[in-house]
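Here's the structure we're looking at; comments come further down.
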Amino acid sequence: MYEIVVVGCGVIGLTTAVAIQGKFKKTCKVTIFTEKLSPHTTSDVAAGIWCPYLYQDTNMKNIVKWSKATYDYLINLWREGHADEAGICLQPLTMVFSNEGHEQPDWLNVPFGTQPLSTEHLETINKQHKKNFKTGIHFITISAEPLKLLPFLQKRFIQNGGAIKMKKIINFNELSNYDVIVNCTGLYSKILAKDDQVVPARGQLVRVKAQWNFQTFLHEDGDGAVIVNYDSTVLGGTCQVNDTNENPSDSDTRMILKKCYELVPAIQKAPLLDITVGLRPVRTRIRVEMETIKVDNKVLRIVHNYGHGGGGITLSYGCALEATELIKGILEDILKHKL
Ligand SMILES: Cc1cc2nc3c(=O)[nH]c(=O)nc-3n(C[C@H](O)[C@H](O)[C@H](O)COP(=O)(O)OP(=O)(O)OC[C@H]3O[C@@H](n4cnc5c(N)ncnc54)[C@H](O)[C@@H]3O)c2cc1C
């Protein structure tokens, strides 16, 4: 039996741990080491909408591959009847743009029913919202509310024989007994993996009660986001690079409410439930990569999976599968050297 350790129990750590169990049912034992669990991770703050965001210079082919694998995974959970427990809502999404000639990213080919908004539809929206949006797009997406998705994945991981240990890892050397170390520590990879390319991007969200709202509405230029969750609607948001203040700010709340009330005026009557803040782990490129480190004649085999920026939920399962393929290569290599 190979011993695999996953460091981190946010959405990336959990999807990776579950994917490893699925791929190597009989040959691997998986343990998670983590400092924090749901509901105390950055992932728990996310609005959970499937929509790639803040992936910086990550290759578009990878964004398409990883986001598609996650879309399919979440839709399958929904189809299999897990939507209630995992907090998955299938829903229409409208995204509007203030500028004409906006380049359409390739990932728009992933979701069902992507189509540009017709001139008539756009005119109606502009009239209703007293705006001057120039173009828009519509597709079917999913929100996977992390506050429900993470406990669901955690339960699956334990049922599959996984173990979770509460411990902050300061140095990978501490895990030298394991055959493979999988690093899913998000923002903390800046320190653990000594990676200066990782930076925080602060995000504040406001949750309201609007159980009559079944439509997610995004302003692509960041001027407001109204996102349907399981039993609340999430209003966003901010994106403040290198701001590490984890407390809600009143001025941000006022700004979020103003933008979102303009975007969907009906929301003005919805009671406020909660205000939350999280630090997105942004990196120049999302890192799903193998690294070997030599410590006292021992080789540590590390698979990194971090830096998912504003799209960790959207890309999670696809990146988990990619990490699993890297682990497969490592295990084959270990076996070759044993023979
Ligand atoms: C306001 C906001 C809204 C967002 N909305 C969306 C959205 O709608 N859709 C979307 O796709 N994405 C969204 N995101 C992005 C998403 O939340 C992140 O990309 C994702 O949470 C990153 O997951 P992660 O598992 O890498 O990190 P985390 O959730 O931070 O998990 C890291 C884990 O590692 C553990 N850890 C860290 N250091 C150590 C250590 N030294 N030893 C042991 N354990 C350690 C932590 O305790 C934690 O368990 C949003 C983010 C924010 C802040």
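The values are calculated or read from the model by the stated rules, or taken from the named source; none is laboratory data. As the structure is a prediction and not an experimental result, all values here were calculated from the model. Cβ placement follows ideal geometry from the backbone for every residue including glycine, while neighbour counts extend to all protein chains displayed. Side chains included, ligands, DNA and RNA excluded: accessible areas come from the protein's heavy atoms. Shrake-Rupley method; radii C 1.70, N 1.55, O 1.52, S 1.80 Å.
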Counting only residues that are under 25 Å from T141 (Cβ atoms) and open to solvent by 20 Å² or more (accessible area, probe 1.4 Å), which one in the stretch 296-317 is farthest from the ligand (Cβ to nearest atom)? Y317
Test each condition in (1) open to solvent by 10 Å² or more (accessible area, probe 1.4 Å); (2) part of a loop (DSSP other than H, G, I, E, B); (3) in contact with a strand residue (DSSP E or B) (Cβ under 6 Å, 6 or more places away or on another chain) for P281 and report the one that comes out false. (2)
From the options N132, N76, residue that is more than 21 Å from V228 (Cβ to Cβ), surrounded by fewer than 21 Cβ atoms within 10 Å (Cβ to Cβ) and out of contact with any Lys or Arg (no Cβ under 6 Å at 6 or more places or on another chain): N132
Consider the stretch 49-63. How many of its residues are more than 22 Å from T276 (Cα to Cα) and either of a type in the set (S, T, N, Q) or outside any loop (DSSP other than H, G, I, E, B) (or both)? 7
Identify the single condition in (1) more than 9 Å from the ligand (Cβ to nearest atom); (2) modelled with pLDDT under 95; (3) under 25 Å from L108 (Cβ atoms) that Y53 does not satisfy, given that it satisfies every other one. (1)
If A320 passes every condition in (1) open to solvent by less than 50 Å² (accessible area, probe 1.4 Å); (2) at pLDDT below 95 but one, which one does it miss? (2)
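One line per residue, one yes/no per condition, for (1) closer than 25 Å to K190 by Cα; (2) of a type outside the set (V, I, T); (3) in a loop (DSSP other than H, G, I, E, B); (4) within 16 Å of the chain's Cα centre (by Cα):
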| site | (1), (2), (3), (4) |
| --- | --- |
| C9 | yes, yes, yes, yes |
| A19 | yes, yes, no, yes |
| T31 | yes, no, no, no |
| S43 | yes, yes, no, yes |
| A47 | yes, yes, yes, yes |
| W66 | yes, yes, no, yes |
| G81 | no, yes, yes, no |
Pairs please, first residue from the stretch 150-170 and modelled with pLDDT of 95 or more, second anywhere and acidic (D, E), Cβ atoms under 7 Å, 6+ apart in sequence or on different chains. L150/D44; F152/E85; K168/E35
Just for the stretch 79-91: of the residues that are open to solvent by less than 40 Å² (accessible area, probe 1.4 Å) and either among the aliphatic types (A, V, I, L, M) or more than 14 Å from the ligand (Cβ to nearest atom) (or both), which one is farthest from P111 (Cα to Cα)? A86
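Here's the yes/no breakdown for (1) in contact with a Gly (Cβ under 7 Å, 6 or more places away or on another chain); (2) touching a residue at least 60 places away in the same chain (Cβ under 8 Å):
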residue	(1), (2)
T34	yes, yes
L37	no, yes
N59	no, yes
W66	yes, yes
M95	yes, yes
Q104	no, no
Count, please, the residues in the stretch 1-50 that happen to be of a type in the set (K, R) and at pLDDT below 95. 2
Please indicate, with yes or no, whether at least one residue in the stretch 199-210 is modelled with pLDDT of 95 or more, within 30 Å of V288 (Cα to Cα) and either more than 11 Å from the ligand (Cβ to nearest atom) or open to solvent by 40 Å² or more (accessible area, probe 1.4 Å) (or both). yes
